[in-house]
Structures are given as C-alpha cells and as structure tokens.
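*Asks:* Handing you a structure now.
The values are calculated or read from the model by the stated rules, or taken from the named source; none is laboratory data. All values reported here derive from a predicted model rather than from experimental measurement. All Cβ positions, glycine included, derive from the backbone under ideal geometry; neighbour counts span all protein chains shown. Remember, those area values only see protein heavy atoms, side chains included, never the ligands or the DNA or RNA. Shrake-Rupley method; radii C 1.70, N 1.55, O 1.52, S 1.80 Å.
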Amino acid sequence: MSQVNSPYHRRKHLAEQIDFPVLLWSGKPSPRNFPANIYPFRANSHFLYFAGVSIPNAAIRLDGEELTLFMDDPSPGSALWHGIEPTRAEWAEKIGADKHYAIAELPNYGKDAATLPVQDFATRSLQSEVCNRSLPKTLTGRDLDLARAVISLRMRHDEAALSEMRQAMEVSIKAHQAGMEATKQAKTEAEVRAAIEATFITHQMSPAYCSIVTVHGEVLHNDRSPHPLNPGDLLLVDAGAETPGGWASDITRTWPVSGKFSATQRAIYEVVLGAQKRSIDRIKPGVEYEKIHLEAALAIAEGLVDLGILIGEPESLVERDAHALFFPHGIGHLLGLDVHDMEDLGDLAGYATGRKRSDRFGLRFLRLNRPLESGMVVTIEPGFYQVPGILNNPQMREKYKGVVNWEKLAQFADVRGIRIEDDVLVADARAEVLTAHLDSAPDAVEQHLYTVD
C-alpha cells in the first residue's frame, strides 16, 4: 500500500489539524463468561484507522508526526496456547512507530494527551487512570477537538479504505447469493444464515454486525434466526462482511421463500425499490441527507396512496409523518470502519455542528443529518414494515384514524417487512452504487439470477 493511502498518511493529516498529543487504545478482549473464554478480538476503530493493525491491549501516542507504541511482549507461556506471537519491537516496525514501551510506561505519557473513549470497561478505566480524568459520555476540551479532527478525516474515505470496503462488499454479495441458493432447500432461517456466514468465513472475513436473517422483517434488528421457513413467507436478510482490517459492508435484500412474490408482496416491494432508486438518483455532494430521507418518505407515501393503504395527498402525509407508520427509521447511515460509522461518538459525526435530533415521529431516528461530501459512503435502505407496536398503538390509531385504510391494509398481511439496502459512494459526477452487482429487481430476485462480474 502506498503511503498516500496508508495509516502513516492519515496520521500526518491528523498532525496538521491538531497541536496536542493524542493517545488511542485498541481495547481488550471481552470474556464471554470466565476470563479465558473470550469473544473474538476486534480493535477499536480509531486505533485501527491510525495504526492499521488489530493488536489487543495496546495504545499509540501521536505527537505531531511521531508515533509511539505501548504494549507488552507476549508472556513466555502464551506460545503454548496461542503460538509464537510478534514482539513489541516487531509490531513497532510493522506500523512505523518511532518508539515503543511497555504498557506500564503509559502514565508517563498520558497527562497532556487527548483521547477517545474505548467501549470495554477495563480499557476505559485505564484511560481515565492514565489521562488523570474521567471520560464522560459528552466529550469536552481537547477530547472534543480530537473527535472533530478524527471525524473530518474518517468522513471521506481514501483509496485504501475504499479498496477494502469493495472487498467486503464483493464477499457480501457472494454471501447473499449463497443465502438465496440455500433458501431453495432450507427449512429454517438458521440454515440460510449458516450459508451466508460460512461465505464470510471462507473468505477470511467476519460479520460486520449480527446478521439479520428473518421471516419477521417487522423486527428491525432481529438478531435471532430460530423460525421455520414456510411458503408465502418473505425472508429479510441484512448481512455484511468485515475485512480483517475492520472495513465494513452492509447489504439488505428481501426475497420470497417460495421463489415467487405474491401480488401484494410484489406491490409493496416495488414501492420500496422505487423509493430507493429515487433516493440514490438524488445523491451528490452538497445535498442534505435529510432531503434524501424525505424524498424516500415521499416516494413511500405516494406508493401507499396508489395502493389505497394511505389516504390523502402524499406531501401532506409526509408532513404529518404518516409514512413513518410503515417506514419508521432513517434512510441510512455512514459506512466505514464501523457499520454505523463513528456512532461511538454519538451524533458528533452524523449531525453537522449545531444540529440535533428532531422529535418528529418521521425524523427522530435519522442517523445522518449533514450535507453529503465527495468520498463519503452511505447506505440507502428504505423499507416497509407492519410493526404491531406502532400499528396497534391506540394513540397512533387515534392520530392517524383518517389516514390509514385499515381494511385495505389487512389485504397485505403477508408483508411483515421489506427492506432493500445498498452501499453508495458519493462522487463528484454521480453516486456509485458499490453493491449494484446484487440485482434487486423483483424478476431477478424470483429467478435467483444474481451474478458477479
């Protein structure tokens, strides 16, 4: 990898934006139950961005363009369980560190350094101890200045990042194809999920998040797959691979278990697909992401009016948030090292300075509210869901009693949830759909004719 697109280059850019030292931690493996039985380790994304490698129990100090690595050498007995591991000096050479010290030396270098909190409790406690201050949920002072500088760098992806993300997306496309193939014979959601995640593992990748493989598409983040597959069911699959370097993909497709949509399923599917295409067509630098979301909301409202499910003028329905009865979430999010990129920083990355979340029913779950910039990667994922907690809520029934044709809606009972999601690169000329090779046209879905060039 050339230095132009390397962690070295990213560290250099950071040094141009701040004039104080920085400490970033990789984090520690988390135990499932007893200490030696751990979840697979994955370094903190901010550490990964500037170090380029996933080392447990490590920290880096950035002071201008000088890089110092802090970690301990492997214990003498670790080779029995983990094999021969690189020494601190070898890791330092690999990442281009100027100096390297044991973890015990960290307190001598932390008092004047800014940092970003790591998720695991043990590391967060160490951060507070080394930096001699608590790390509150709302960042202040130098920590806030650091967060803003990191956001400005991670917001737009360099070619190295895009190359890794494209690799993750290519594997994710293959995984969805494997899932569709498995559906032909599968009896349960779990069998389809197994085929998808086996594809990740075969390509030396892991799930970027808990795969959603469910006939209960109305449960937006359903991370369990215990249900049987029955003819007439729609299977919603939201699954994406993550490269060994930590770069994510995020794709959702919805297909009929029987291989053929019912008339009602196809009708709703086409509404969702139309909303997605309309949103993608409007993506370009300078466009507000909220406007992309509202364009999708309008397309959903128009489609549901045409089907007789909603009653009224689509523009007025969106103003009243009636579309959110069926499309309650935001149109998408940033994508990068995190599947919801930089959401560990709250809304600092997703929301432009001075903006805060709306309390409107139709906007409160919008994860991104800022002008689009060339080099961003975002997801576009409209959906239609029949969520009992929303549709059976007495207050919602009263508020929208003249807006929903409930008898007509009952004819669409075989549509629990449909979501179609692609990963999109914002570019100067036009948006590039990075996951376009996974065809989402309903005829192609039915024929299972997905190909990758």
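*Asks:* For region 309-453, what is the largest minus smallest coordinate of the Cα atoms on each principal axis, given in angstrom and ordered from greatest to least?
*Replies:* Extents along the principal axes, in whole Å: 48, 44, 27.
*Asks:* Also: For region 1-79, which whole percent of the accessible surface, found with a 1.4 angstrom probe, sits on carbon and sulfur atoms? Please list the in-between numbers first.
*Replies:* Numbers: 1950 of 3750 Å².
The computed percentage sits at 52.
*Asks:* Per residue of the chain, what 222 nm ellipticity follows from adding -39500 (n - 2.57) for every DSSP H run with n ≥ 4, rounded to the nearest 500?
*Replies:* -10500 deg cm²/dmol
*Asks:* Output ³J(HN,Hα) for region 106-115: one whole-Hz value per residue in order, computed from phi by the Karplus curve 6.51 cos²θ - 1.76 cosθ + 1.60 with θ = phi - 60°, and x for Gly and Pro.
*Replies:* Those phi angles translate into 3, x, 6, 10, x, 5, 9, 9, 7, 8 Hz.
*Asks:* Let me ask another. Hey, with R₀ at 35 Å, roughly what FRET efficiency would A198 and A444 work out to, going by the Cβ-Cβ distance, to 0.05?
*Replies:* That gives a FRET efficiency of 0.90.
*Asks:* How do S125, S258 stack up against each other in accessible area, from largest to smallest, with a 1.4 angstrom probe?
*Replies:* The residues order as S258, S125, largest area first.
*Asks:* Could you give the longest part of the chain that holds none of the GluC sites (Glu not before Pro) found in DSSP loops with at most 14 neighbouring Cβ atoms within 10 Å?
*Replies:* With GluC sites (Glu not before Pro) excluded where exposed in loops, the chain gives 66-372 as its longest stretch.
*Asks:* Any idea what the alpha-carbon Rg over 2.2 N^0.38 Å comes to for region 341-415? Kindly include the intermediate steps, with their values, before the conclusion.
*Replies:* Details: Rg = 17.0 Å, N = 75, 2.2 N^0.38 = 11.3 Å.
For region 341-415, the normalised Cα radius of gyration comes out at 1.50.
*Asks:* Quote the relative contact order of the chain in percent (integer), defining contacts as alpha-carbon pairs under 8 Å separated by 6+ residues.
*Replies:* Rounded, it is 14 percent for the chain.
*Asks:* Taking only protein heavy atoms and a 1.4 Å probe, what accessible area per residue, in Å², does region 40-187 have with all protein chains in place?
*Replies:* Spelled out: the 1.4 Å probe surface of region 40-187, per residue, equals 49 Å².
*Asks:* With a probe of 1.4 Å, find how much accessible area region 304-367 has per residue, and write the answer as a whole number in Å². All intermediate terms of the calculation are to be shown ahead of the outcome.
*Replies:* Values: 2590 Å² over 64 residues.
Each residue of region 304-367 exposes 41 Å² on average to a 1.4 Å probe.
*Asks:* If you don't mind, there's one more thing I want to ask. Run the accessible area of region 128-278 with a 1.4 Å probe and give the carbon-and-sulfur part as a rounded percent.
*Replies:* So the carbon and sulfur contribution to the accessible surface is 52 percent.
*Asks:* Roughly how many Å² of I196 are accessible to a 1.4 Å probe, to the nearest 10?
*Replies:* 0 Å²
*Asks:* Averaging the inverse of every distinct alpha carbon separation and then flipping it gives the Kirkwood radius. What is it for region 74-137, in angstrom units?
*Replies:* 14.0 Å
*Asks:* Starting from the residue with the highest accessible area, list T379, T87 in decreasing order, probe 1.4 Å.
*Replies:* T87, T379
*Asks:* A further question on this structure: Quote the relative contact order of region 308-384 in percent (integer), defining contacts as alpha-carbon pairs under 8 Å separated by 6+ residues.
*Replies:* 40 percent
*Asks:* What are the extents of the Cα atoms of region 216-342 along their three principal axes, in Å, largest first?
*Replies:* For region 216-342, the Cα spread along each principal axis is 49, 45, 21 Å.
*Asks:* As a quick test, which of the pairs K28/K137; K356/K399; K184/K277; K184/K260; K12/K94; K12/K356 have an alpha carbon distance above 23 angstrom in this structure? Don't jump to the answer; show the numbers that get you there.
*Replies:* Numbers: K28/K137 20 Å; K356/K399 25 Å; K184/K277 28 Å; K184/K260 11 Å; K12/K94 17 Å; K12/K356 31 Å.
Going by Cα-Cα distance, K356/K399; K184/K277; K12/K356 fall outside the 23 Å limit.
*Asks:* Please state, rounded to one decimal and in Å, the Kirkwood hydrodynamic radius that region 100-230 gives when every pair of distinct Cα atoms enters the mean of 1/r.
*Replies:* Details: mean 1/r = 0.0535 Å⁻¹.
One over the average 1/r among Cα pairs gives 18.7 Å for region 100-230.
*Asks:* From the P(r) of region 1-142, can you give the percent of Cα pairs sitting at distances over 19 Å?
*Replies:* Taking all Cα-Cα pairs of region 1-142, the fraction more than 19 Å apart is 53 percent.
*Asks:* Rank D338, D347 by accessible area, highest first, at a 1.4 Å probe radius? If you can, show how the numbers build up before the last one.
*Replies:* Values: D338 30, D347 60 Å².
Per-residue accessible area, sorted high to low, gives D347, D338.
*Asks:* Using a 1.4 Å probe over the heavy atoms of the protein chains, calculate the carbon and sulfur portion of the accessible area of region 351-453 as a whole percent.
*Replies:* Of all accessible area on region 351-453, carbon and sulfur atoms account for 48 percent.
*Asks:* Residues with amide H under 5 Å of I251's amide H, sequence separation 5 or more or different chain, H placed in the peptide plane at 1.01 Å from N; which?
*Replies:* Residues meeting the amide H criterion: A239, G240.
*Asks:* With a cut-off of at most 11 other beta carbons within 10 Å, and DSSP calling the residue loop, which trypsin sites (Lys or Arg not before Pro) in region 24-78 qualify? Please list them.
*Replies:* R32
*Asks:* Could you compute how much accessible surface K187 exposes when probed at 1.4 Å, giving the result in Å² to the nearest 10?
*Replies:* Rounded to the nearest 10, the figure is 140 Å².
*Asks:* Now, a different point. Whole number in Å², please: accessible area per residue of region 206-277, 1.4 Å probe, ligands, DNA and RNA not counted.
*Replies:* So region 206-277 comes to 33 Å² accessible per residue, rounded to a whole number.
*Asks:* How many times 2.2 N^0.38 Å is the alpha carbon radius of gyration of region 153-290?
*Replies:* Against the empirical 2.2 N^0.38 Å value, I get 1.14 for region 153-290.
*Asks:* What are the ³J(HN,Hα) values, in whole Hz, obtained from phi via the Karplus relation 6.51 cos²θ - 1.76 cosθ + 1.60 with θ = phi - 60°, for each residue of region 222-228 in sequence order, with x given for Gly and Pro?
*Replies:* Rounded to whole hertz, the list is 6, 9, 10, 9, x, 8, x.
*Asks:* For the chain, what is the per residue volume of the convex hull drawn over the alpha-carbon atoms, in cubic angstrom?
*Replies:* Hull volume over Cα atoms, normalised by residue count, gives 162 Å³.
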